[in-house]
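Take a look at the structure below.
Readers should treat all values here as calculations from the given coordinates under stated rules, not as data from a laboratory. Keep in mind it's a predicted model, so treat the numbers as computed, not measured. All Cβ positions, even for glycine, are placed from backbone atoms using ideal geometry, and neighbour counts span all protein chains on display.
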Amino acid sequence: MTAAPATPALPTTRPAGCPFDPPATYAALRETAPTSKVRCPAGMDAWLVTRYADVRAVLADRTMSSRGASSVHANPNADLDFEVSPGSIIQLDGADHSRLRKKVIPEFTVRRVEALRGYVRSLVDSHLDAMLAGPGRADLVQEFALPIPSLVICELLGVPYADRAHFQRQSATLVSTDATREEGEQAYDSLSGYLAELFVAKQRNPQDDLFSRLSVAGLTMEELVVLGLSLLVAGHETTANMIALSTLVLLEHPGQREVVLASPERAVEELLRYLSVVQWGVLRQATSDVQVGSHRVRAGEWLVAALNSANRDEEVFPGADKLDFDRESPRTHVAFGFGAHQCVGQQLARVELQEALTGLFRRVPELRLGVGREELEFKHNTLVYGVRELPVAWG
Ligand code: HEM
């Protein structure tokens, strides 16, 4: 008797020398086995869904539960029997999810976010002033990419920016895939305690900010804290990584900077597609039997919707591995997910990226990488892909 072949591991290794490309295995899987069983780092088997059409179908399917979202499967220390907290917007389903989402979505409309554009621009300018006053070299992550989204989300939520060292450190642990369970719990408890105190203060003395409005919106303290934590972490980690990684891409494609300056909206969409920083995809669990591509997925089984693979699907994006600012319909990508849980903060992220990249390349046209590319350290072990430091130079 021959043993059944072992389930292959979820592909994670990016092709050598191509830090912006997803694992090469995805291209082959899209061709030959677009929905296939893999073993995830968290220990469970899941259907890996790699084609654009199937990824969208899975994410649009209301029978799919988000209880493991966004990427519980990526963490070898994950507890798969966890209970979803009532404030965890990203993991709730159905009416529980809609109830929370309705409380925050009006704060992130195009109109509300556009009203913040001037503020974002002023932050970009003041950070560039400070950077340019320095010695002609800087770590773009610490001096530009991280502070801008952190300041914006603090302003919007009503979180004191002076506390950034604390929440940035805890957030980094929460999105790390190799933090131990204890480290994860400690970071969670520490950030939750901080937010609980903040919400109590807001209830006593409300200001004109989102946390003040939420604090009197009929949510329990647990809901407030967990929702607040999701907004604070998602609100700065993702965009910070996108700003730094996009800068690196543009340093390597100097001819494309003109397009960024001339058509920032179009360029940012293509960068979102090309980089797909939510690098482990998003996890779902089937609650009833369902057909995905040519496979029957059974109730209870897990699925990984590989956003980075969908965004490189040649059926939808011809020449998908190429950064191409002339694509038709640049917004078709799924970098912000799709369906009921599609990113709440996407308009905000767009405005921040547009302002950061145009400000940077307009004011520092001679910007260059300050070290050899081989010296850069990429974040392979975090839920959101990025670069740890980005030494740049000018002048
Ligand atoms: C470039 C930046 C960003 C990227 C690539 C990104 C990506 C995503 C993705 C893929 C999802 C869907 C997760 C799923 O379906 O399981 C999501 C959801 C979410 N994002 Fe973002 N995001 C970004 C910026 C932001 C910002 C600035 C905020 C601000 C608060 C934010 C808040 C959220 C929230 C609250 C959810 C959960 C929505 C729900 O479950 O209904 N994100 N994001």
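Charged side chains reduced to their Cβ positions (Lys and Arg at +1, Asp and Glu at -1) give the chain a dipole of some 680 debye around its Cα centre.
When the Cα gyration tensor is reduced to axis lengths a ≥ b ≥ c, the ratio a/c is 1.5 or higher for the range 210-278, and with a/b above b/c it is classed as prolate.
Model label sites at A60 and E377, defined 7 Å from Cα along the beta-carbon direction, differ in position by 4.3 nm.
Volume per residue of the convex hull around the Cα atoms, evaluated for the chain, comes out as 145 Å³. Taking other residues whose beta carbon is less than 10 angstrom from the beta carbon of H341, and scoring Lys, Arg as +1 and Asp, Glu as -1, yields +1.
Each Lys or Arg adds one and each Asp or Glu takes one away; over the other residues whose Cβ falls under 13 Å from the Cβ of V292, this sums to +2.
Each 5 Å bin from zero up to the one holding the largest Cα-Cα distance in the range 180-240 carries the following percent of pairs: 4, 18, 26, 23, 17, 8, 3, 1. Estimated purely from DSSP H runs of n ≥ 4, each contributing -39500 (n - 2.57), the mean residue ellipticity at 222 nm for the chain is -13500 deg cm²/dmol once divided by its residues. Using the Karplus relation 6.51 cos²θ - 1.76 cosθ + 1.60 with θ = phi - 60°, the per-residue 3J(HN,Hα) values for the range 35-51 come to 10, 9, 6, 9, 9, 8, x, 6, x, 8, 8, 9, 7, 8, 9, 10, 8 Hz, with x marking Gly and Pro.
So which residue, out of V259, V226, V141, gets the largest mean-square fluctuation from a GNM of the chain using Cα contacts under 10 Å as springs? Largest GNM mean-square fluctuation: V259. Were the residues from V200 through A115 laid out at 0.36 nm apart, the gain over their Cα-Cα distance would be 27.8 nm.
Near T7, within a Cβ-to-Cβ distance under 11 Å, what is the net charge of the other residues, with Lys and Arg +1 and Asp and Glu -1? Show your work: numbers first, answer last.
Numbers: positive: K37, R39; negative: D45.
Result for the neighbourhood of T7: +1.
The distance linking the range 2-74 with the range 289-365 is 15 Å (Cα centroid to Cα centroid, whole angstrom).
Judged by the mean number of other Cβ atoms found within 10 Å, the most tightly packed of the peptides 273-280, 376-383 leads the ranking 273-280, 376-383.
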